Every structure is written in structure tokens, then in C-alpha cells.
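Notes follow once the structure below has been shown.
Bear in mind that the values in this text are calculations on the coordinates, not laboratory data. Note that this is a predicted model, so its numbers are computed, not measured. Here the Cβ is made from the backbone with ideal geometry for all residues, glycine too, and neighbour counts use every protein chain on show.
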Amino acid sequence: MTALGGYLLVAALVFAIGLGGALTRRNAILVLIGIELMLNAANLNLIAFWRYGPHPEALTGMMFAVFSIAVAAAEAAVGLGLVISIYRHTRTTDLDEMNRMKG
Amino acid sequence: MVSTLDQIFVLLKHWIVSLLPAVLQPVTGVVLSVVAIICVFPALFAISVLLERKGLGRMQNRIGPNRVGPLGILQPVADGIKSLTKEDIVPTNADAVVHFMAPVFLVVVVFMGYAVLPMGRNMTLVKMDAALLFYFAMGASTELAVFMAGWSSRNKYSLLGAMRAVAQMISYEVPLLLSSVSVVMITGSLSLDKIVEAQNRYTWGLPHWYIFTPWGCAAFVMFAIAATAETNRSPFDLPEGESELVAGYFTEYSGFKFAEFFLGEYVGMLSISGLGTTLFLGGWSAPLEVLGFVPSWIWFFSKVMLSICVMIWMRGTLPRLRQDQLMNFAWKFVLPFTLLILVDVVVWRFMGEGWLRWIVCSAILLIAYVGIGRSEMLRKKIGPRNYRYAE
Amino acid sequence: MQEGMGFTQQLTASSIAQVLWLIPAVPMVASGVIALLKQPRRKLASALAIGSLGFSLLLALFAFGHVVAGWSQGFSVRETVNFTWMQMGTGTVDLGWVLDPLSAVMLVMVTFVGLLIFIYSTGYMAHDENYTRFFCFLSLFAGAMLGVVISNSLLLLFMCWELVGLTSYLLIGFWYQKPSAAAAAKKAFLTTRVGDIFFLLGIVWLFAQTGTLLLYNNGAGSIEPDALIGLLAAHAGWGLSAAGAIALLIFAGAAGKSGQFPLHVWLPDAMEGPTPVSALIHAATMVAAGVYLVARVYPLMAAGGTLSQAGEVAGSTTAALTVVTWVGAGTAVFAALIAVAQNDIKRILAYSTVSQLGYMMAGLGMGGVAVGMFHLITHAFFKALLFMGAGSVIHGCHEEQDIRRMGGLRKEMPVTFATYAIGMLALSGFPLLFSGFWSKDAILESALHWHPSSGPFYLLAFGAMLTAFYMTRQVCYVFFGKYRGHGHAHESPRVMTMPLAILAFFAIALGILGTPAWPWFRAFLEGHAAALEMGKFGEPEFWSLLAISATVVFLGLFLGWWLYDSKSPQAEEPDALEKVAPPVWGWLRDRLYVDEFYVVTVIAFYAWWARVADWLDRRVWGGAVAAVTGAFRALAHFDRFFDTQFVDGTFDKGCEELYSGGGLLARVQNGRVQTYLRLLAVAVVMLAAILIWSSAR
Amino acid sequence: MTIVFWILSFLTVLGGLAAVTLRNTVHCALAVAVAFAGLALLYLQLDAQFAGFAQILIYIGAVAILVVFAILLTRGSDTPTDGIFSRTWFAGTAIAAAVFAVLGWAVIQSVHALPHETAAPAVTVNQIGNALLGRYVLPLEIVALLLTAALVGAVMVAMHEKGESK
């Protein structure tokens, strides 16, 4: 097992954990947390590939990860804003109850 | 002779390390530095607390502590003994683990910040390329500690204090970062050592400190405001406003954990003063070329202590802001102004040497200051307070 | 262009010509800005309007100075700036502006008089609640009018022309709450539209003939000699060349705007608008636009006569100019007659304006551009003066407009009286002293020398007598005798009297520019050097003409004074003239029944035609539509029967099946995000498995 | 394969697992902060200093705080009494496991093709800055635009509607 393999496995595990959280939790915020975990797992992959890739000086994977972090921050802000605004309408953050398009 | 005195701590460390077997040498070097930091700054914490209590006393027409030791100078020792021996009370409903973790986490991240501060020539613990980023990463983590403390106490005053503190710290972190970015833009490096080196030059015997440039002066003022807010000091001490929230997020702490928060706060003050000193006041460089013989670490620590004195002075002078004033001030005055400073830095950078850039950059900032200030005043968002007495 | 005098034409555009467009543009922009202002920003609105027009005046003075400088150095300045507006196939539609003596003179006059009237308006409209709207329209008008003046393209001129018509409509109907104002606005708009249709026809015809609408374009313009030769060669029927027919069509447009005889009915009614509007639009500038138009296309009008290059008629005349002359002269007398019997202070002035416009037209027709334009300029000043004086009187008498309810204002309103008297004498053509005398005399002189007929001369002389008469009557009613109105009359504020004084000064002083001894104005317009020949005053020709005109004027003045002042009329008493000849008086008071004539002819025809159309609509077309509808309805009934009985049975069953199938499918779309996410994840897993498996093999 | 790597991986996975399984929502948020910190340390292990510090600054300093704010604003800080998992949790877990199986299988399948230990790339912040404002300037601008849009959007979405009592 190479070092890269280890990182990839950890990333896969974190991704699976995040997916599991996103699929099973009822609280919308925790679903968002799961999605953040999935994104982070992807970032770990990117950085690992950058580190062990053939051209680390090109910085491609690293840049990808940095941009991904920035996008994830935006995603978190908007996602949580949506959850709060839904909560204000329906008084719940339970995803099982949020199955209507009508507010 | 001068250089020996200047490098005395470095030489001391090398000497101690050289006594040990080669295997242990790297580890020992780091441990020695860490130990030094952990010893020196709590000592400075004690001194500043005493200074604050006595100074505030004088400002408020009191004498201040005067019972323990000659002129009360042993007061911090007495305080320390008291907090160590007091009972550690944890509320029944509190979330015990988080309640315990919060002060520990706070103190740890606050001390982490010192790792990158250059406290003298060759006196940086970790010479890191992204030192400033590291510092801010650690600074941002304190917010989580504050939240943990406030939330786990299961006390509405604690929670309110924590929410206020976190909102305030997040709001003021943005101008804090942006005003530091101005320095980064000029120096072209995130490394604090390089920033100090860039300022350690002299023209006609006068230093090239960034505070002596138009943009640097403005950025320093913004940095100072943001830093004061970041450390929850007066006039931004809403999270701990005694009259409103008992003691804010650490209301439910006692004994040593309380001392840890207290320590964290003061060490945080010292740390952010150190950062401000490094960024704007030339770090460990001497204020005049002729004073270069004085050891660099003396300059660093005197500048830090001077900043602390200013903070104490501010606490004794300024009244506390209201929450909405605080937020409006951050987002509608400080943030736009720091953004403008960035523009100003670009202008400064690309206008080249000469007297013209001094005039242009100063003019931009002055006009903007007056303009933004006036418009904000007009809209009554910030401005003179109006007091309403009980009718 | 006079040969042998060393005048050459200058064609390259100077910098002032390049920025000439700013003169109309600035007031237009100001108008746009004012339109955005709220009502309370009165000061700002008027300041913007006045400032922008002041700027235009400054530019206009520069332009004028440039032209004068060029002229004094021996150039006949005509600078054009043209550009292509749009490309249509191989042809282009070009727009442009021109700076020559004609446009320069008009620019200065319009901006100067306009500025004074703007200033006056701040006083007159001070208490109106729609103050900013007023200045918005006024500014727009000024811009549009200046656009008409500088246009070098008939198309651009027509656009601005219509814009001027629109602002006129808006301003006449400014007090649209009054039904009479709304009706007057509508009438003005529609009547001028009749003329504009002909104008547009003329433009289109001209474009078809010459392929360009630019007036001057370095020899390629539509009224430059090359084009004119082609136009003269083309026949239009009735013995007219295309040039003559187009000129007549364009004159119809000009007649509509300038209130010439058949189309004059709107102008007196337009007095429903605020007085500054009457002064600016319906006395000084807009109505003069028609005259200006004729002057602008004068080469076209004169084409076929003995045409010199500068478009001056020397000797013979053309069909178009003959029509212009007769219409002008006829209108002059016709309107003057009506003016005699009017009692509304502004209406008298309105008919007087119509009459004077007739003079200008006749001057253009007989004496050329300079004669007509000189009267236009002098008239603009003294008629604006009279209107503003009338406004001042109305203001002072608490919005009273009936001259029978005034009187004795000489003492209460001394400034107004003095300036009004100057205006009145200028209009009457009081010999030697006033500008009106010189300009009217020039027209009479050219009429005297007009050889096709001496009719116009007699008509115009009679008109001059009538002018003096009705103006005397009006002044007697208003300023002499004793006050017959209600309340107490008062003098107007300084902001209103100051413009009056300035205009009064010009009403006297402008005459210097056009005396026979020093015909500077004519020389300037026609592009040759002006020489001072005091000897002209000694010629018998001058003295005989002076004798005729003086006699006529004094006769009018004396008659008026004798009939009206000595009697010191009373409000309820019948008019002095009415006692002499009641039936004539009745006709005149009822404006010679032109409006009524239109009611029983044109309007009745339209009403009848509308009824016919209505009947056709209801019976013929409506019936056809009803029949088709009925057929379709019958078909629809049959269709419905078929549908309900045969189709629905099977279709409903199918629908139920589909519905239940949809219900099954909808269970996947249950609105739970996690279900979707799960499906997505399953799909990804399957896809990844397939990919890896296939690549691993 | 150093011991540090295993410790950090364990920390990260533990934090992640805690984040998706704990009952108390705030504990979940704190646990996910631990996972973020672990990941940041893993980045440092991979010689990606800049990304690691950015991770701490953004995820612990901003996202975690945002999450706890959202939790408090939606009154989710109390431990729920009924089930914390949705009704179909079993299917969800199974699918997550399947995903991990497939990904892990893919990694192990290709392990022979993976490159081995290479020298740590010497990347200075200066280089990153140059790359950000040179080759990657367009993505940088787009991200800036996105962040601005997200800022405005989040404010608009979460703002109290006018007239609504607080």
C-alpha cells in the first residue's frame, strides 16, 4: 500500500461517511454537514493527487482544492440561509416533513 | 557585545541544546522555545493585569490594588493562588465534556499563534512561509472555543454572550484580515519575518515602519479597532458586559477554568498586540537608527507593552457600544474603509518613489474618511449617542 | 451670391459648427432631467431650464459671431455637418446641421427671446402647482425649435417640427383641467397635422426625385443648383414642375404651422395656454417656424424664376412664390379684420400674429429671404413683448382677459404700460422710430415693386391701417379710461417687468439693422458687404413710401383714438364700431365664420363619413362576420354532440388509466430530498462499478 | 505510511462518524469541526501548507461557526426526543456502504498503478500567489463573483421579510 493509496482510502471513507449522513439524518443542517464532509473528501483526493502526481509544481490539484474550499464556503452560506428561511416558514428542519413545494 | 546581548536567548538555547545527545537536539530546541513562550507570556499577563488594575484605578480616581506586597505588586500572585485553590464548579445541566474542552481549546489555540511571531532577531519559533495565514487560522479557531463555552454552560447569559462574541469576532475578523493584507501587498510575503525585515531599514535615521505611510497609518488604525473588537476589549466588550450579561460566555466557570479564560483573553491581547507590532510598528526593529544597539527583543516587548497600555487607556476612556452600533460600525464603516485602503496600497505601489504618492494616497484616504463618516452620520447609523433617561 | 464682390463660399466645418448640435441638445437633456424632478424642486427645475437655455444662447452667440466674422472677412459662411443616419439598400438617409447666416440669426433670436420668456415664466407661473412640468415642456420646446433651426436635412427638420408640434400641444393643454384648453390643444394638433401631411408628402416626393434630404451637401444637396435643375425638368401636371409642386406642398406645411389663411383657426384658440407659452410659441418662435421653413427652402420656392445662386429672385417670380404672396397678403388683411372686433386681450394679439405672419409670407414671396426674415426677427421681439405685457396685465388684473373689464391701467402698471406702448407702436409701424416700421416698410416696398400685380400692395397697406387701428383700440381699452374690473390692479414683479424692458429696448433698436440706408441684415443674409449710404434717405422713392405708410398708420391710430379713447368706453356698452355698423361688427366678432364653415363642411363631412363607416361596419362587415360565426357555431354544436357521445366514453377510460399510472410514478417524486439523493448515489455506484469492472477486465 | 498519518486519519474518520451519528446537533457540529481539523492536518502532511491553513480558517473559523449559528437559529440545539434518522436510514446506510465498497475497490484495484513516494514539492506562498493571479486568474475572479453572489443570496434568503415580527 502506497502513501497515496492510504490517502485515497481515507478520502473514500470520509466520503462514504458524509454520504451516509446526508442520506440518513433527518435534520437538514446535518445533511448539509454530510455534504460538506463529502466535499472535503474530494479535496483530500485532489491534494493527495497533487502531492504524488507527476507535476506538483503546476499546482493544479492544490488550486482546485483551494477553489473548492471557497465554493464550499459559499455553498454552506447559501444552504444554511435556505434552511433558516425554510425553518421560518415551516417551523421545522426535518427533511421528512419538507416534501412540499408550497410554503 | 551588542550582538551578543541581542542574541543572548538564541545563544542560550544553542548552549543548552548542545549539552544534550544529538538525537534529542531538535526536539529539545522546540521544547525549550515553547517553554520559554509559555513562561514569558503568562508573566507578562500578570504584569498587564496589575498594570490594568492600577492604571484603571488611577483613571477612575481610585488607588487600585495596594494590599498584597509593596504597592500591591504581588496582587497577581494572590489572584493566581486563589483561582487555583477555588472549587471547580460545573453546573448540573452543563454539557460536561464540552464545558471542560472549551477553556483548554481556547488557551491552546491562543498560544499556537505565538509560534510564528518574531520576538527578536532570529527569535521566531517556526519560520513559516504562510505565517500570517497560520496566525489567522488560529485566531479564527478561538471563536469555536467561545461558542463551546457559552453553549455548554446551559445558561442564557452565557449563550447570549457567546453569540455576541462570535458575531462580533466574525464581523471584525474581516477588517482585521483585510488591513493586514495591505501590509502583505506591499511586502509581497505572508512571512512575518520578511515583513519585519522589510521595515528594518532607515532613511535619514528614521525607520521604514508601515505606520509612517498614509495607507499604513490608516490600516493600523483599522487594525487596532478590529483587534480591540477581536479581543472583546472595551469599547467592544459587549460579550462580557457585566451590567448586561454577568460575565458573558464564562459566567458559569470558576476556579482554574475561569483563570484559563482570563489567561486566554490577556494572552490573546498580547498576541494580537505582537501581530500589530510586527505588521505596522516594525516588529523588533529600533525606532531610530542610532538606537540600533539596544537588543531587538527589548524593542519588541516594549512595543507590545505600549500597545497594552493604549488598550488599557481606551478601556478607561471609552463607553461601551450598543450591539447594532457595533455591527453597523463594522460593516458600514470599517469594512469599506479597509477595502479602500487596499486600493490606496495599489496606488502607492504603482505610483513609484516620490513625494506625489504621499499626497495622492493621503488625499484619497482623507476624502474617503470624511465622506464615509459624514454619510454614516447623516443616516444616523453611527454617530453620537443619544441617551434616553428614564421618563 | 453676388458675383464680382469677392465673396466665396466656405464649406469646411469649423469647431463651432461641429458642436452646433449642443444648442438644441442641452435644453432637451435639461428637459429630461427636469422630467425626473419632483414637484417641490421648483427652484432647481427653473434654474436648469434657464441655465441650459443660457448655455445655448452663449453657444448661439458664438456661432453668430463666427458667421459674422466670416462674413466681414468676405466669406459667405455655410458650414454643414452631415452624417448617415441609416442605410436602406443602396440609398442612405442622411441627417445633418447647417450653420449659415439664416440659421445663426434664428438661433440667436430663439435663444434670446426664449431665455427672456423663461425668466418671465418663473414669475408668471410662480404659483402654479405643475411648475416643473411647465419648465420641462418649455425646455423640450426650446430644444426642438432650435433643432428645426439648425437642421440641414428635411427629415431632421420634420422630426423636430413634429416635436415642436407636440410640445405646442402639451403646452396649450397645460391646464388640461379646463375643457376649453384641452379642446384648443386638440384643435391645434389636428389642424397643424393637416399641413404636416402635405409637408411630409413634399418631403417624400423630394426624396424620390433627388435621392437625398440634405439641403446643402457640397453641391449634392436637394436644394442646390444641380438638384434644382433636375427638379425643374420633371413635370408634375397642371403646368407645374416638380420643384413648384414640392414647394407648394412644403408651403402647405408651413402654412399650417404659421397659421396662414385656411389653417389659421387653431392659433387664436391656442391662447388657452399660459401666457408665456403664447409669447414664446404662438408669437415669437414656433409660428415663425413656417416662415423660417419657407426661407430655408427658398431656392426651391424660387426655382424656375430668374434664379441667382444664392436663391434670390431677381425680376420674375414663380408659381410657388405667387401662391405664398397671395396667401400671405390675404391672411394679413383677413386676420387684421377679425382682430378689430375681438375683446379678449390675447385673442387680439393672436389674430395680430396671424396677420403679421401673413406679412412675413408676403415679404418672402415678393422680396426674398431677407425681407421676410427681417420682419420675422423684429416681430418676434415686439410680439413677445406684447404677449408678455398682456400676461403682465392679466396677472395684474387677477386673471382677467376681457379688455372691456380693464382700463386705466396706465397709472397702476407704469412699466407695463410703457413697454406695451412701445410694442404696440412697433407693431403698428410708427414711422422711423420703431423696428416694426422698417421691417414692414421693406415688405411694402417690395410689394410696390412686385410687377405681377399691385393687389398685394393695397391689401398690405390696408392691413397696416387695420393693425394700427386695432392696436390703438386695445391700448385705449386697457390702459386708458378708468378701471372697470374687479379688485385692485397691481404692477407685476420685477422678474416679469425686466424681460419686458429688455424686449422693449430691442423692439426699438433692432430697426437700425434694416434701414434702407444701411441694410445690414439683408447684406448679411444675402452674403455681400453692407454699405452705409445715407443718401438713400434723400431719395424720393424712400420719401414716397414713407409718406404712404405714415399716412396709413396715422389714419389707423387716429381712427382708433377717435373712436375709443374719446368715448371712454364702458364694459356693458356696445362697442363703438358696433354702433356704426352692427352687421359687419357681428361678422368680425364671429371671426368671419371660418370655424363654423369648417363645422358645416369638413367636420360635417367627416361625421357623415364616420356614420357611413359605422353603418358599413355594422351591416355589411358585421353581417358577414355573423354569418360565418353562425356556420361555425352550428358545426361546433355537432362536434360537441359527437364528442360527448362517442369520444368521451373511450377517452375517460384512458385518462383514468393514465391517472393511476401517474400516481404510481409520483411515488418516486415524493418531495423528499434524501430519496433523490439516494437514487443519485445508487446510480453513481452502478456507473462506477461498471466503469471499473469494464476497465479492469 | 507514517504513524502520524494513521493517527490523523483515525481522528478525521472518528470526527466524521461522530458528526453523522451523534444525537445532539451541536455535538455533531463540533465533531465535524474535529473532522475538518483532521483533514487540515492531513493537508499539512501532504505538504499543502496553504490549503491546510485555508481549510482551518474557512472550515473551522467560518463554516463550523455558521453551522452552529444555523442550529441555534432553528432551535435545533436541544437533543431531539424522537428518531434522529429518517425512516429509510437502512437504505441510506447500505448505499453509503456500497459507495465506499466501490471506491475502495477501485483504489485497491489500481494500487499497483499509483505512484510511489516522491520528494516533497517545494511550494512557496509566493508561487501560489503568482499562480492565483496568473494562470488561475479567471477562476479566481469567478470564485470572487460567486462568493459575492452567495453573500447577497444568503442575506436575501435568510433576511426577515418586512413587516414580519422578529
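Projecting the Cα atoms of D:62, B:105, B:368 onto the dipole axis of the protein assembly as shown, where Lys and Arg carry +1 and Asp and Glu carry -1 at the beta carbon, places B:105 farthest toward the positive end. For the listed residue pairs B:54/B:303; C:38/C:178; C:257/C:482; C:346/C:440; B:86/B:156, the alpha carbons are over 29 angstrom apart in C:257/C:482. Note on D:123-133: average number of Cβ atoms from other chains within 10 Å of each residue's Cβ is 5. When chain B is treated as a Gaussian network with alpha carbon springs shorter than 10 Å, the biggest mean-square fluctuation among B:173, B:240, B:376 belongs to B:376. Adding -39500 (n - 2.57) for every DSSP H run of four residues or longer, then dividing by how many residues the protein assembly as shown holds, sets the calculated 222 nm ellipticity at -22500 deg cm²/dmol.
Largest GNM mean-square fluctuation among D:91, D:154, D:18, using chain D with Cα springs under 10 Å: D:154. Sort chain B into rounded, prolate or oblate with this rule: let a ≥ b ≥ c be the square roots of the eigenvalues of the Cα gyration tensor; rounded if a/c is under 1.5, and if a/c is not under 1.5, prolate when a/b is larger than b/c, oblate otherwise. Oblate, because a/c is 1.5 or more while a/b does not exceed b/c. Put a plus charge on the Cβ of each Lys and Arg, a minus charge on the Cβ of each Asp and Glu, and nothing anywhere else: the dipole of chain C about its Cα centre is then about 1660 debye.
As a proxy for reagent exposure, ranking A:97, B:52, B:353 by other Cβ atoms within 10 Å from fewest up yields B:353, A:97, B:52.
Rounded, prolate or oblate for the stretch A:3-90? Axes are the square roots of the Cα gyration tensor eigenvalues, ordered a ≥ b ≥ c, and the cut-off for rounded is a/c under 1.5. It comes out oblate by the Cα gyration axes. Tilt of helix A:60-90 relative to the longest C-alpha principal axis of chain A, in degrees (0 to 90, nearest 10)? The angle comes out near 10 degrees.
Please work out the Cα center distance from the stretch C:606-624 to the stretch C:65-90, rounded to the nearest Å. Between the Cα centres of the stretch C:606-624 and the stretch C:65-90 lies a distance of 53 Å.
Membrane-span-like helices in chain C (whole DSSP H runs, Cα extent of at least 27 Å along the helix axis, mean Kyte-Doolittle hydropathy of at least 0.0): C:42-72, C:101-124, C:131-150, C:179-210, C:319-340, C:345-367, C:369-396, C:455-479, C:540-560, C:622-642, C:673-696.
The alpha carbons of chain C give a radius of gyration and a Dmax of 33.0, 128 Å, in that order.
With the highest mean first, a sort of the peptides B:314-322, C:554-562, C:283-291, C:52-60 on other beta-carbon atoms found within 10 angstrom per residue produces C:283-291, C:52-60, C:554-562, B:314-322. Let a ≥ b ≥ c be the square roots of the eigenvalues of the Cα gyration tensor of the stretch B:36-192; is it rounded (a/c under 1.5), or, if not, prolate (a/b larger than b/c) or oblate? Taking the square roots of the gyration eigenvalues as a ≥ b ≥ c, the stretch B:36-192 is oblate.
Projected over every direction and averaged, the convex hull enclosing the alpha-carbon atoms of the protein assembly as shown yields 81.9 nm². Residue exposure proxy: B:73, B:225, ordered by other Cβ atoms within 10 angstrom of their Cβ from fewest to most, comes out as B:73, B:225.
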